[in-house]
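Inspection log for the structure reproduced underneath, given as structure tokens.
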Amino acid sequence: MAEKSNKPESAKTTVVTETPQVVRPSRSSWNTSKLFWGLVLILVGVLALLSNLGIVEVQILEVLRLWPLLIVAAGLSVLNLDGWLGRLLTALFLAFTLTAVGWMALGYGPSTSPQSTTQQISIPTKEESVDKASVTIRSGAGELDIKGANIDAVVEGRLRSNFMSIEKSSVVEDSTQMIVLDLRGKHQQNWTFGNWENDLNLKMNDTLPLDLAIDAGASSINMDLSNTLLTNLDVDAGASSTKIKLGDNVERVNVRIDTGASSTEIKVPRSVGVQLQIDSGLTGKDIDDLEKTGENTYETPGFDEAEKQIFITGSFGLASFELNRY
């Protein structure tokens, strides 16, 4: 008789293996960011190619006016819209963006530049006792052109600008007519790009001794003062290109120039002695026949004995300086 086993039957073990669920993106959602940048880059590339081939003329600065669309695109990509509504909004946005970029690039968009106006300037002598003029000019970015002329007024000229206007003041103190020409913004500045114009052209009376002070921003300054009775010149400018021509009509002329990143060129007649004191911030200088007489000081030969002298003091940032004799 077979013996029954006292061992319990082995328990059956069931192992349940969980299959990880893979989360798949909804087929109804679009990657707005990739669509936006992909299509915009394709459009810009095509326009650049057509421009290089001479088929169309692309206005890059006008396209930059559409920068707020980048914020909208970033917002849509964060929302990660699903379903037919998301696709519809994304499609409408992309269609609008591509149309706007093409429209602005081809120059069909609305102009951002206000219309330029011309303002005439004429400041006569206030009193017969006036025997000297002191003129201060405060201008912003733009072009400034000054020259001496045989005129009845102390100062005359014009301002042509689409974002600045000029305020004038004139008083007499101790037989000196003190004139201030102050350029002020007349339009509210927007975060846009456009063609800005600001040209100030002035004529200075060449029979009155003249003190001239200029406070300018990023400007192009061109002054021919060779036939004026200039006694003092003070130029304070930012990033600028400055050209100055001086004359030999008075015994002593003092010139002070303080500029930032700029190029400065001064022309002086060979009939005068010149002393030049400049700082060491220049990236390059060309000072014709001046000889070094001290630390950062240069003089023309025989300066002390010269009957007429010009003293120039310069403080420059990252700049180039050139002094030529004519």
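Just so you know, all these numbers are worked out from the coordinates, no wet-lab data involved. Predicted model, so just to flag it, every value in this text is computed and none were measured. Here the Cβ positions follow ideal geometry from the backbone for every residue, glycine too, while neighbour counts run over all protein chains shown.
Taking amide H positions as modeled 1.01 Å from N, with prolines and chain starts lacking one, the residues under 5 Å from Arg256 and 5 or more places away or on another chain are Leu233, Asp234, Val235, Thr313.
Computed from the alpha carbon positions, the gyration tensor of the range 246-326 leads to an equivalent ellipsoid with semi-axes of 21, 13, 11 Å, biggest first. Sorting 266-276, 249-259 by their mean Cβ neighbour count within 10 Å, with the most densely packed peptide first, gives 266-276, 249-259. Here's how it looks for Ala141: its modeled amide H is under 5 Å from those of Gly217, Ala218, which are all 5 or more places away or on a different chain. Considering the range 133-253, its Cα convex hull presents a mean projected area of 7.8 nm².
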